[in-house]
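One structure is given below, encoded as structure tokens.
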Amino acid sequence: FTSTINYTQFGAGQTLTDINQLLGICVNMEHSYMADLVVRIISPNGQSAVLHQQGGDGTYVGGANDLDNQGNPVAGTCWNYCWSATAPWGTWAQSAASGSTPHVMPGGTPASNALIPGTYTPVQPLGNLLGSPLNGTWTFEVCDFWSLDNGFMCDWSIDFDPSLFPSLF
């Protein structure tokens, strides 16, 4: 699944030159089995950073609905997750119920371990995006490698440093 945001308001040729200019990448989503997901951000020129690379067996993302019919999925409750270069928590896999530093709470249907909403460390450094043009199409990609579960993405965003935006006055 991919979703895009097209930016046009930055200066011509303006690029991401400092990782501190990228405050975070956030998604509101739910999924019943995070161990089969690969989540990635792709910049307008194709540079990318993997945010989650499988792992996290037995952990929901958000308030997943794991009792729905595969032919007619019903969304659970989307929770907000972010990735940042200054994240307080490790990767999703490290923070899963089976991870080295679990950050889970009960959630979903049926209730199970669910990743706590918050800000996490990406698998690949967000510095992979340095030099990317700010204008253009940014893509959020989620690949699900197992057909027995499902999930929903409610929305996503990129939070750039406000100083990058031209003055509106």
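The values are calculated or read from the model by the stated rules, or taken from the named source; none is laboratory data. Given the structure is predicted, the values throughout are model-derived calculations rather than measurements. All Cβ positions, even for glycine, are placed from backbone atoms using ideal geometry, and neighbour counts span all protein chains on display. Remember, those area values only see protein heavy atoms, side chains included, never the ligands or the DNA or RNA. Shrake-Rupley method; radii C 1.70, N 1.55, O 1.52, S 1.80 Å.
Odds and ends about this structure:
- Residue 45, sole failed condition from (1) at negative phi; (2) surrounded by 15 or more Cβ atoms within 10 Å (Cβ to Cβ); (3) in contact (Cβ under 8 Å) with a residue 24 or more places away in the chain: (2)
- Test: residue in region 59-74 that is β-branched (Val, Ile, Thr), touching a residue at least 12 places away in the same chain (Cβ under 8 Å) and either over 16 Å from residue 37 (Cβ atoms) or loosely packed, with under 15 Cβ neighbours inside 10 Å (or both): no
- Answer from 112, 98 - the residue that is surrounded by fewer than 20 Cβ atoms within 10 Å (Cβ to Cβ), in contact with a Phe, Trp or Tyr (Cβ under 8 Å, 6 or more places away or on another chain) and without any contact (Cβ under 8 Å) to a residue 60 or more places away in the chain: 112
- Of the residues making up region 119-140, one or more are in contact with a Lys or Arg (Cβ under 9 Å, 6 or more places away or on another chain) and open to solvent by less than 60 Å² (accessible area, probe 1.4 Å).
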